[in-house]
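Trainee: If you scroll down you'll find the structure; I have some questions about it.
The values are calculated or read from the model by the stated rules, or taken from the named source; none is laboratory data. Here the structure is a predicted model, which is why all the values come from computation and not from measurement. Note that we place each Cβ from the backbone using ideal geometry, even for glycine, and neighbour counts take in every protein chain shown.
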Amino acid sequence: MLSIKNLHASVDDKPILKGLTLDVPAGEVHAIMGPNGAGKSTLSYVLTGREGYEVTEGTATLDGENLLALDPSERAARGVFLSFQYPLEIPGVPALTFIRTAMNAQRKARGEPEVTAPEFLKLARTTAASLKIDFEMLKRALNVGFSGGEKKRMEIFQMAMLSPRFLILDETDSGLDIDALKIVADGVNAMRSPDRAMLVITHYQRLLDYIKPDRVHVLAGGRIAASGGPDLAHVLEREGYDKYARAA
């Protein structure tokens, strides 16, 4: 599904990604782990088209299509979704309004009919209940006044509503207590599908106790330094990233 070859990217002319190669097949969940400054968030921003992240070499394709040639809205319409480490607050815009507008914009880009208000509200209520989100919270301005756990649950709510094909979760476990972590992980696991893939970015192994990856990759020095099965996360938890950082 996602294929990255020799990807180089810079921010303010500073090289961050330095020849990253990675393949994530449909139906699989891959985890990216690594030290601070390794390029984990940069990878997520490059794939989703955030302004200021310049690709200088290499390719990234989704189902064979050149992802880097598309603007962010086109990537979203193709089914690319990013769950932010620090979700944005949007004063004055109710969460339900924001999500329905996003859904209909993506549907229009794909040539699909807009979701009707009754269909949307029915889906929203069902999805909110599964994530233990008070429906009244969805009527408030997006993320304004929300706790860290509420913001992360809202990200997973958006993900479930938009039903993307390729999910990037950037440190979704950041700031979550154990109960919120379980709820968020359950929401992510419910999205597993043979025609959907996920890239989970995290510092710590604990998230991977709840979202079981098929593969774990170590990102150090702007490239993939090692790859392995789920046990690699436990090794990293015990031994840290020093040897990979030194090698990079």
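Trainee: Which members of segment 49-90 meet the condition of being among the polar types (S, T, N, Q), surrounded by 15 or more Cβ atoms within 10 Å (Cβ to Cβ) and modelled with pLDDT under 95?
Mentor: 83, 85
Trainee: Also: How many residues are surrounded by fewer than 15 Cβ atoms within 10 Å (Cβ to Cβ) and closer than 18 Å to residue 136 by Cα if we restrict to segment 95-118?
Mentor: Looking only at that region, the number is 2.
Trainee: Something else about it: Considering segment 131-173 alone, what residues qualify as being under 25 Å from residue 193 (Cα atoms), assigned to a loop (DSSP other than H, G, I, E, B) and not hydrophobic (A, V, I, L, M, F, W, C)?
Mentor: Within segment 131-173, 132, 163, 164, 165, 171, 172, 173 qualify.
Trainee: For residues that are closer than 13 Å to residue 87 by Cβ and touching a residue at least 60 places away in the same chain (Cβ under 8 Å), scanning just segment 164-190, find the one that is surrounded by the fewest Cβ atoms within 10 Å (Cβ to Cβ).
Mentor: Once the filter is applied, the top-ranked residue is 174.
Trainee: What's the total number of residues in segment 38-60 that are closer than 27 Å to residue 246 by Cα and more than 18 Å from the chain's Cα centre (by Cα)?
Mentor: Here the count works out to 6.
Trainee: Separate question: Within segment 122-132, is even one residue farther than 13 Å from residue 162 by Cβ and in contact with a Leu (Cβ under 7 Å, 6 or more places away or on another chain)?
Mentor: yes
Trainee: Checking residue 225 against (1) touching a strand residue (DSSP E or B) at 6+ places or on another chain (Cβ under 6 Å); (2) farther than 20 Å from residue 240 by Cα; (3) modelled with pLDDT under 95; (4) not basic (Lys, Arg): exactly one of these is not met. Which one?
Mentor: (2)
Trainee: Next question, about the same structure. Hey, does segment 233-246 have a residue that's part of a loop (DSSP other than H, G, I, E, B) and under 26 Å from residue 80 (Cβ atoms)?
Mentor: no
Trainee: Considering every residue within segment 193-216, establish whether at least one is touching a Lys or Arg at 6+ places or on another chain (Cβ under 7 Å), surrounded by 20 or more Cβ atoms within 10 Å (Cβ to Cβ) and at pLDDT 90 or above.
Mentor: Yes, segment 193-216 has at least one match.
Trainee: To continue, here is another question. Identify, please: which residue in segment 138-192 is polar (S, T, N, Q) and under 12 Å from the mean Cα position of the chain (by Cα) and is, among those, farthest from residue 24 (Cα to Cα)?
Mentor: Applying the filter and picking the extreme gives 158.
Trainee: Here's another thing I want to ask about it. Got at least one residue in segment 114-128 being assigned to a loop (DSSP other than H, G, I, E, B) and in contact (Cβ under 8 Å) with a residue 12 or more places away in the chain?
Mentor: Yes.
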